[in-house]
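Enquirer: The structure's right below; bear with me while I get my questions together.
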Amino acid sequence: MTNKKKKLVLGVIGADVHAVGNRILDFAFSQAGFEVDNLGVMVSQEEFIDAAIETNADAIIVSSLYGHGELDCRGFRDKCIESGLGNILLYIGGNIVVGKQKFEDVERRFKDMGFDRVFPPGTDPNVGIQWLQADLKVKNDSSTSSC
Amino acid sequence: MKVILLVDFGSTYTKITALDPELNGIIGTAQSYTTVETDIAEGLQAAVSLLEADSGKVEVVQLKACSSAAGGLRMLVSGLVEKLTAEAARQAALGAGAKVLKVYSRQLTEADASEIAAIQPDIFLLTGGTDGGDELNILANAKMLSKLDLKCPILVAGNRSVAPECQKILANNGKEAIVCPNVMPKLGTLNIQPVQEEIRSLFLKRIIEAKGLSHIENLLTGIMMPTPVAVLKGLKLLSQGHGKEAGIGDLMAVDLGGATCDVYSIAKGDPLSINTILKGLPEPFAKRTVEGDIGMRINAHGIAAKDGLERLVEMCGIPSDQLNVMIDQLSENISQLPESEEQKRLDQALASLALETATIRHAGSVEETYTPAGLMYIQEGKDLREVDQMIFIGGTLVRGEGLEAAAEYCKYSSRYPASLRPKQFRTCSDKKYILSAMGLIAEDHPLEALRIMKKEIVYEQ
């Protein structure tokens, strides 16, 4: 069991077509030893959930850059629970709200929506990786090279 | 005269095609009623007699056949997520020529279980989970199936980590379970060919015999595949060509019968513009769908379902009460040919509407969405708008001008702007019903089969 790679479902939510950050995260997470199923851009909540069910994923990582993330993510946790994924680890990061707002407020709102971790714009992928390793209790041994 | 005899045992008709042994061309074709109740050899003999009346006495040097008689290949499939493994399983079964009676997703319930036992399919395809993905669902479903009084073989083509365990659960309860590679080994990757080969081999080994179609051993060993598989092989060869002999390129085909409507497409169907994003499972290059609820006779009511009746009234100008009566008659009298002017108008309208519904269900669809980056399109399934050839298989019900008029209903239309059906095509027709016959010799004699199809279907209209 300990050798099994942890599985992530990755994608950019809503009508957002920003692909660059998505590719960077795919690369960074894969290099860090995670098994990544990347759904790409314009991913709906249902697609994230379907993919996570079929692959028995350990976490869903949502990106958003275009400012509508708050609308797109409404009810996401509820749907996870309803679909049998219950408390699957749910991360979100990027430019997830409109305009300049205090990040503490944004983080609180998304945590209230059921996200486990919320990351502000410009976060280094390594920060996300460290949180994932902590939350999924991955031992930082030789199989996880830094990048 | 020596001939190679190619036979298609259909649910209603047994169709034969006689080729000269050098495979230069067709000597003759004929058809007669399929005789499942007694022995399919009788219907075949009747067809051969008809052929001999035209072409003189024949000596059969080789016989190859395909069959969809006695209900065809009846399958049930199950997967985990409806749009993922359950859909992959459905695609696999359809491409293997099966009639998919029902698709189950998520965990099978007690009610599902009794339904499955009542249906008693020819094969059950059990899938679920990507390789290394979900294990619980397929295991639970294997347990549920193991408890049933189910006589058919069960193909296990799900998460490979637990496939052997599923097999064990089933085998311990006296079920024949066969493990195949996963239909969806990775998320969004379709791997349906191995399962399809296993289905074909089961069809040959077990199902033909089990159906008790005939007592004549030679006839049974001559049956090579289910009819839709033969048609798919023929169409693929016609489209792709062989060696230096070019094919005719991307194409679609429809076969509208009394009980069902089959639609085929041999085309990639990738998005045509860069601002289109493809969603959903990738679809097979050679794709088949079959609509089990629409047909010209037994399932004429299926065409009139939902808003179909209103459309029929509009199309043939017959009041709805009278239409209902006429449709009742058609569905009970499956061999009825139209005689009166009204009956002809109704047949024309039924065919048009059936083709419209079946092609819409086969083709992909597109949805507009406004994003901060401008207007984008989300495509699901195949974009067939550029496909410019449509083959009508058989089709004794509409001919000539009627066929051209019905063909319009297979095209992209402003009524259904989201449905990605062909914009323009030339109509070809397989009047003699030779496609399945050519599919039967496509593996051994591709060049000859290709030339005959081009001559008979494409160029000799």
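Enquirer: Specify whether the C-alpha gyration tensor of the stretch B:322-461 places it in the rounded, prolate or oblate class, a ≥ b ≥ c being the square roots of the eigenvalues: rounded for a/c under 1.5, otherwise prolate if a/b is larger than b/c and oblate if not.
Expert: oblate
Enquirer: Okay, moving on. Compute a Gaussian network model of chain A, connecting alpha carbons closer than 10 Å, and tell me which residue from A:A134, A:A52, A:A15 fluctuates the most.
Expert: Evaluated over chain A, the most mobile residue of the options is A:A134.
Enquirer: Averaged over A:45-57, how many beta carbons belonging to a partner chain fall within 10 Å of each residue's beta carbon?
Expert: 6
Enquirer: How would you rank B:V156, B:V179, B:V290, going from fewest to most other Cβ atoms within 10 Å of each one's own Cβ?
Expert: Values: B:V156 29, B:V179 15, B:V290 22.
Result, fewest neighbours first: B:V179, B:V290, B:V156.
Enquirer: Additional query: Quick check on chain B: helices-only [θ] at 222 nm, where DSSP H runs of length 4 and up contribute -39,500 (n - 2.57) each and the sum goes over total residues. Nearest 500, please.
Expert: It lands at -10500 deg cm²/dmol.
Enquirer: What list of ³J(HN,Hα) couplings, whole Hz, do you get for the stretch B:187-202 from phi and the Karplus terms 6.51, -1.76, 1.60, once you set θ to phi - 60° and write x for glycine and proline?
Expert: So the Karplus estimates, Gly and Pro as x, are 4, x, 10, 9, 9, 9, 5, x, 5, 5, 5, 5, 4, 4, 5, 5 Hz.
Enquirer: Please arrange B:T14, B:T29 by how many other C-beta atoms lie within 10 Å of their C-beta, fewest to most.
Expert: By the 10 Å Cβ count, ascending, the order reads B:T29, B:T14.
Enquirer: Okay, next question. Would you tell me the mean number of C-beta atoms belonging to other protein chains that fall within 10 Å of each C-beta in B:188-197, as a whole number?
Expert: For this peptide, the per-residue mean of nearby foreign Cβ atoms is 1.
Enquirer: Specify the angular offset, from 0 to 90 degrees and rounded to the nearest 10, of the alpha carbon long axis of helix A:45-55 from the longest principal axis of the alpha carbons in chain A.
Expert: Result, in degrees: 10.
Enquirer: For chain A, what is the number of Lys pairs with C-alpha distance below 18 angstrom, counting only pairs 8 or more positions apart or on separate chains?
Expert: 10
Enquirer: Under a straight-distance cross-link criterion of Cα-Cα below 17 Å, which lysines are reachable from B:K454, leaving out those fewer than 8 residues away in the same chain?
Expert: B:K233, B:K236, B:K244, B:K431, B:K432
Enquirer: Taking H placed 1.01 Å from N in the peptide plane, check which residues at least 5 places from B:C66 or on another chain put their amide H under 5 Å from its amide H.
Expert: B:V7, B:D8, B:F9, B:M224
Enquirer: Taking each residue in B:267-280, count the Cβ atoms of any other chain within 10 Å of its Cβ, then average. What number comes out?
Expert: 1
Enquirer: In sequence order, what are the phi-derived ³J(HN,Hα) couplings for the stretch B:144-158 according to the Karplus relation 6.51 cos²θ - 1.76 cosθ + 1.60 with θ = phi - 60°, rounded to whole Hz, with x for glycine and proline?
Expert: 4, 5, 5, 7, 7, 8, 10, 8, 7, x, 10, 8, 9, 9, x
Enquirer: Count neighbours as other Cβ atoms within 10 Å of each site's Cβ, and list the trypsin sites (Lys or Arg not before Pro) in the stretch A:1-92 that are DSSP loop with at most 13 such neighbours.
Expert: A:K4, A:R74
Enquirer: Take peptides B:328-341, B:445-458, B:90-103 and line them up by average Cβ neighbours within 10 Å, highest first, as a rough protection proxy.
Expert: Listed from highest to lowest mean packing, they are B:90-103, B:445-458, B:328-341.
Enquirer: By a straight-distance test (C-alpha under 15 Å), which aspartates and glutamates pair with B:K102 as possible cross-link partners, with residues fewer than eight away in the same chain excluded?
Expert: Within reach: B:E82, B:E87, B:D112, B:E115, B:D122, B:E291, B:D293.
Enquirer: While we're here: Can you work out ³J(HN,Hα) from phi for every residue in the stretch A:15-23, in order, using Karplus 6.51 cos²θ - 1.76 cosθ + 1.60 and θ = phi - 60°, giving whole Hz and x for Gly and Pro?
Expert: With the stated coefficients, the stretch A:15-23 comes to 9, 8, 10, 6, 9, 5, x, 4, 5 Hz.
None of the figures in this text is laboratory data; all of them are computed from the coordinates on show. Because the structure is a prediction, the values reported are computed rather than measured. All Cβ positions, even for glycine, are placed from backbone atoms using ideal geometry, and neighbour counts span all protein chains on display.
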